[in-house]
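Visitor: One structure is given below, represented as structure tokens, and several questions about it will come after.
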Amino acid sequence: MAQREKKTLIHKVLNTIKKYHLIEKGDILVLGVSGGPDSMTMLDILLKLKQANQVSFHFVVAHVNHMIREEAKEDEEYVKKYCTKNDIQFYSKSIDVQKIAYTNKISTEEAGRNERYKFFDEILEKINGNKIAIAHNKNDKVETIIMNELRGCGIQGLKGIEPARDKYIRPLIECERKEIEEYCKENNIEPRIDKTNFENIYTRNKIRNVVIPYIKQEFNPNIIETMDRLSNLVAEQEAYIQKQVEVAYRDIVLEEKIRMTEQINEEDKENKKDEQYIILDLKEFNKQEKVIKSNIILYTITRLFNTSKGIEKIHIEDIIKLCANNIGNKFLMPNKNLKVFIKNGKIKISKEV
């Protein structure tokens with residue numbers, strides 16, 4: 001029984017890796033390992049896959065001590081001991097997350113996440129790696145979907161956590177938490193348990209400990225699988241829409257001036273030499289369906305800023321309305337860095353420096 005459970009989960013992870021091309025021959029990974037059930041299962045399975053030559057890659061482990069819990073040092077020692085026993089290169093860093101959260105006026109949860117990813121990036125650069133593995137699972141994905149919808153993120157929020165995004169990969173994204181916990185028992189892994197996960201202070205904890213159990217009991221005991229199927233369907237539709245947006249963008253774009261580096265000197269700022277912008281054909285833009293217009297705006301902004309974070313539905317609606325009115329010399333500034341200007345039948349979307 002133990003062997004069958006072990007084989008099943010390892011094969012599930014391997015299938016996920018192959019399906020989404022998460023790890024390919026020669027990849028060098030940083031594994032973010034806290035010592036909890038998810039990250040220890042990810043570490044154990046990836047080690048076994050490597051030892052069995054199922055996947056040819058190299059990895060190191062990175063651990064962040066948030067200095068919040070008294071047991072945090074023991075968590076660090078636990079992960080370090082596992083790595084030493086299995087001859088895995090181990091990196092750790094202690095960070096006063098609460099102090100950073102207070103200084104930057106953000107939540108402890110956000111500060112911790114920011115510092116973790118910053119440290120993982122540091123180690124990735126240090127080892128000349130190309131991917132960072134995070135131990136998000138299917139339950140995390142569903143929790144994120146519910147959080148997104150409560151915040152009004154719209155259809156795109158239904159995708160939840162993706163298996164791969166940029167350099168980040170998630171080998172456990174198709175595994176449920178109960179499977180991970182069972183894997184730990186069957187393989188004699190005694191992960192560290194973060195007691196704050198049971199404190200219903202943060203939104204995610206409330207969803208995990210209150211909302212989902214209530215839905216399971218009162219409405220749908222298979223809510224995790226149901227929401228995951230919905231997420232996959234949305235992801236397929238989003239991928240199709242994105243292809244259509246890219247085709248429409250190529251027909252509409254008139255000019256691009258995008259700087260690839262973040263280095264800006266004072267002289268460039270003074271003389272506006274470093275201005276970055278994209279110019280679109282206003283008439284052709286207005287011919288598009290609204291869903292394509294909305295996504296072209298997001299696509300254009302992402303090309304300029306490498307992200308569309310901070311651009312909300314109301315901003316997109318205002319830009320579409322501005323374009324539809326077709327009144328020259330009118331502009332919008334959704335934020336201090338972004339300007340949308342209409343003139344001579346053209347839409348100029350610029351990055352203000």
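Visitor: Which one is modelled with the highest pLDDT among residues in region 91-119 that are acidic (D, E) and under 22 Å from the mean Cα position of the chain (by Cα)?
Guide: E115
Visitor: Inside region 172-226, can you point out the residues that are of a type in the set (S, T, Y) and at pLDDT 95 or above?
Guide: Correct list: Y183, Y214, T226.
Rundown of residues vs (1) open to solvent by less than 70 Å² (accessible area, probe 1.4 Å); (2) within 25 Å of C175 (Cβ to Cβ), yes/no style:
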site	(1), (2)
C83	yes, yes
I106	yes, no
K118	no, no
L124	yes, yes
G129	yes, yes
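Visitor: Just the residues that are over 28 Å from L29 (Cβ atoms) and either outside any helix (DSSP H, G or I) or of a type in the set (A, V, I, L, M, F, W, C) (or both), please, taken from region 124-161.
Guide: Matches in region 124-161: I146, L150, R151, G152, C153, G154, I155, L158.
Visitor: Same structure, new question: So which of D96, D38, D87 is acidic (D, E) and either under 25 Å from R165 (Cβ atoms) or open to solvent by less than 10 Å² (accessible area, probe 1.4 Å) (or both)?
Guide: The unique qualifying residue is D38.
Visitor: Suppose we keep only residues that are open to solvent by 40 Å² or more (accessible area, probe 1.4 Å) and in a helix (DSSP H, G or I) within region 6-32. Which one would you say is modelled with the lowest pLDDT?
Guide: That would be K6.
Visitor: Any idea which residue in region 312-333 is farthest from K243 (Cα to Cα), counting only those that are open to solvent by 50 Å² or more (accessible area, probe 1.4 Å) and in contact (Cβ under 8 Å) with a residue 24 or more places away in the chain?
Guide: N326
Visitor: Just wondering, is there one or more residues in region 343-351 that are among the charged types (D, E, K, R), open to solvent by less than 50 Å² (accessible area, probe 1.4 Å) and either in a strand (DSSP E or B) or touching a residue at least 24 places away in the same chain (Cβ under 8 Å) (or both)?
Guide: Yes, that holds for at least one residue.
Visitor: Now for a different question. Can you pull out the helices (runs of 4 or more DSSP H) entirely within region 33-104 that have at least 3 residues that are within 15 Å of D194 (Cβ to Cβ)?
Guide: 37-51, 72-85
Visitor: Then there's this: List pairs: first residue in region 201-219 and closer than 14 Å to K141 by Cα, second residue open to solvent by 50 Å² or more (accessible area, probe 1.4 Å) and not in a helix (DSSP H, G or I) anywhere in the structure, Cβ distance under 8 angstrom, at least six positions apart or on different chains.
Guide: Listed pairs, sorted by first residue: N205/E199.
Visitor: So, in region 296-311, exactly how many residues are free of Cβ contacts under 8 Å to residues at least 24 places away in the same chain and open to solvent by 50 Å² or more (accessible area, probe 1.4 Å)?
Guide: Qualifying residue count, region 296-311: 4.
Visitor: If you don't mind, another one. Tell me, yes or no, whether region 139-148 has at least one residue that is open to solvent by 10 Å² or more (accessible area, probe 1.4 Å), without any contact (Cβ under 8 Å) to a residue 12 or more places away in the chain and farther than 16 Å from S39 by Cα.
Guide: Checking region 139-148: not a single residue is open to solvent by 10 Å² or more (accessible area, probe 1.4 Å), without any contact (Cβ under 8 Å) to a residue 12 or more places away in the chain and farther than 16 Å from S39 by Cα.
The values are calculated or read from the model by the stated rules, or taken from the named source; none is laboratory data. This is a predicted model, so every value here is computed, not measured. Neighbour counts run over all protein chains shown; Cβ positions are idealised from the backbone, glycine included. Just the protein is used for accessible areas: all its heavy atoms, side chains included, with ligands, DNA and RNA removed. Shrake-Rupley method; radii C 1.70, N 1.55, O 1.52, S 1.80 Å.
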